[in-house]
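Working notes, beginning with the structure itself.
The values are calculated or read from the model by the stated rules, or taken from the named source; none is laboratory data. Note that this is a predicted model, so its numbers are computed, not measured. Here the Cβ positions follow ideal geometry from the backbone for every residue, glycine too, while neighbour counts run over all protein chains shown.
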Amino acid sequence: MNPAPDCNIVLHVGFSKTGTTTLQKHLFSNHSQVHYLGKPYADDTLKTLVHRLIMQESLAYDPGPLKNHLEKEILLNINPAKKVILLSEEMLLSYSKARDKGLVAQRLKEAFPGAGIIITIRDQFELLKAAYLSRGRQLNYVPPKYSGLHVTFREWLALAFENIERSYLGHADYFKTIAYYARLFGKNNVCVLLLEELINTPGEYAGKLSDFLGIDAEETRVLLAGKHANRGISRFQLESEVLRSRWHPFSRSYLISKLLKIYLFLTKNKRRKQDAEAQIPPGWVDRIGELYRAGNRLLISEYRLPLEKYGYPI
């Protein structure tokens with residue numbers, strides 16, 4: 001177990017699909033001892049400045065406005081009853097928004113020197129399933145004619161593998177990111193938490209997180225008890241997208257679209273209550289596992305994480 005960070009500013013940087021919304025919505029924004037900065041942001045200026053830190057190229061980025069805003073508008077107005085100032089933003093580790101995640105980490109070090117770092121992870125097989133069902137199942141950033149068309153899990157993985165450094169497959173090699181933050185902020189100032197522990201041993205998870213933040217663990221346990229913020233898409237929604245792409249890909253005004261809507265309406269009730277599922281395609285289990293085994297073994301060795309217990313590639 002890592003000790004509390006050396007100062008009372010903590011950054012929760014992701015990864016996405018690891019319980020981040022649950023922490024943001026139910027814990028960070030409600031704990032009596034946490035001064036929460038976002039996400040979601042109550043301060044639009046801070047949101048803009050953090051997004052610039054993430055997305056602006058070096059030629060355009062100026063660290064001054066963020067430093068000034070923190071010093072003059074935030075740090076001077078902290079309630080002394082708050083034990084920790086916390087910013088949570090999974091976009092800081094976004095493979096699509098952050099042009100260079102290492103550069104983002106360096107900018108965070110400049111803006112928040114000595115901050116504590118929370119990084120949340122989950123079994124990579126489950127992460128990829130969740131990422132596919134969340135966004136990967138439909139084409140994005142393509143000409144309007146093709147936007148929203150359904151993509152199979154196999155197709156999504158194949159495309160990600162071809163461009164691994166800028167895709168979810170490269171994104172999910174946790175150790176590289178964690179080791180980089182540990183070098184910048186100090187290993188004792190980095191706390192790694194598993195989504196599986198939040199689900200299976202929530203009391204222990206709350207204790208670890210509270211110890212790192214220096215806040216009351218019982219209040220943390222109460223706030224997190226039974227909470228799950230993002231349910232995901234329904235089986236009905238997924239099947240609707242598949243049918244639309246198969247039979248009616250380029251328009252939503254033809255007769256076939258109307259017939260599909262009638263069919264889906266008549267059969268939706270049962271499937272709307274069921275969560276959509278994705279299975280790793282045949283031949284991909286070993287291929288995916290090979291990407292992460294070495295890094296996961298290092299995480300076990302250096303952070304004593306029970307990855308094997310929860311099915312991570314080892």
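Residue count for the stretch 274-297 satisfying the condition of being under 21 Å from the mean Cα position of the chain (by Cα) and part of a helix (DSSP H, G or I): 7. Reported count of residues in the stretch 49-79, each being in contact with a Phe, Trp or Tyr (Cβ under 9 Å, 6 or more places away or on another chain) and hydroxyl-bearing (Ser, Thr, Tyr), is 0. Taking (1) over 26 Å from TYR312 (Cα atoms); (2) surrounded by fewer than 17 Cβ atoms within 10 Å (Cβ to Cβ) in turn, GLU155 satisfies each apart from (1).
State whether the residues of the stretch 216-236 include one that is outside any helix (DSSP H, G or I), modelled with pLDDT of 95 or more and either touching a Gly at 6+ places or on another chain (Cβ under 6 Å) or closer than 26 Å to ALA81 by Cα (or both). Walk me through it before giving the result.
From the stretch 216-236, those outside any helix (DSSP H, G or I) are 216, 225-234; that's our starting set.
Filter once more, keeping what is modelled with pLDDT of 95 or more: 216.
Filter once more, keeping what is either touching a Gly at 6+ places or on another chain (Cβ under 6 Å) or closer than 26 Å to ALA81 by Cα (or both): 216.
Checked the stretch 216-236: at least one residue is outside any helix (DSSP H, G or I), modelled with pLDDT of 95 or more and either touching a Gly at 6+ places or on another chain (Cβ under 6 Å) or closer than 26 Å to ALA81 by Cα (or both).
The residue that is modelled with the lowest pLDDT, counting only those in the stretch 254-271 that are among the charged types (D, E, K, R) and surrounded by 12 or more Cβ atoms within 10 Å (Cβ to Cβ), is ARG271.
If you filter the stretch 26-69 down to residues that are of a type in the set (S, T, N, Q) and under 21 Å from the mean Cα position of the chain (by Cα), you find that the one that is surrounded by the most Cβ atoms within 10 Å (Cβ to Cβ) is SER29.
Can you pull out the residues in the stretch 76-102 that are surrounded by fewer than 16 Cβ atoms within 10 Å (Cβ to Cβ) and over 20 Å from CYS191 (Cα atoms)? Walk me through it before giving the result.
Let us first name the residues in the stretch 76-102 that are surrounded by fewer than 16 Cβ atoms within 10 Å (Cβ to Cβ), namely 76-81, 96-97, 99-100, 102.
Of everything in the stretch 76-102, those that are surrounded by fewer than 16 Cβ atoms within 10 Å (Cβ to Cβ) and over 20 Å from CYS191 (Cα atoms) turn out to be LEU76, ASN77, ILE78, ASN79, PRO80, ALA81, SER96, LYS97, ARG99, ASP100.
Since ILE119 meets every condition but one in (1) surrounded by fewer than 18 Cβ atoms within 10 Å (Cβ to Cβ); (2) outside any helix (DSSP H, G or I), which condition does it not meet? Among (1) surrounded by fewer than 18 Cβ atoms within 10 Å (Cβ to Cβ); (2) outside any helix (DSSP H, G or I), the lone unmet condition for ILE119 is (1).
Scanning the stretch 130-159 for residues that are within 18 Å of the chain's Cα centre (by Cα), outside any loop (DSSP other than H, G, I, E, B) and touching a residue at least 24 places away in the same chain (Cβ under 8 Å) returns ALA130, ALA131, TYR132, LEU133, SER134, GLY136.
Scanning the stretch 7-48 for residues that are in contact (Cβ under 8 Å) with a residue 24 or more places away in the chain and aromatic (Phe, Trp, Tyr) yields PHE15, PHE28, TYR36. Checking every residue in the stretch 82-96 against the condition of being closer than 23 Å to LYS208 by Cα and aromatic (Phe, Trp, Tyr) gives zero matches.
Is it true that ILE117 is touching a helix residue (DSSP H, G or I) at 6+ places or on another chain (Cβ under 9 Å) and under 21 Å from LEU169 (Cβ atoms)? Here the answer is no, as ILE117 does not meet what is asked. Within the stretch 160-196, the residues that satisfy the criterion of being of a type in the set (Asp, Glu), assigned to a helix (DSSP H, G or I) and surrounded by fewer than 21 Cβ atoms within 10 Å (Cβ to Cβ) are GLU162, GLU165.
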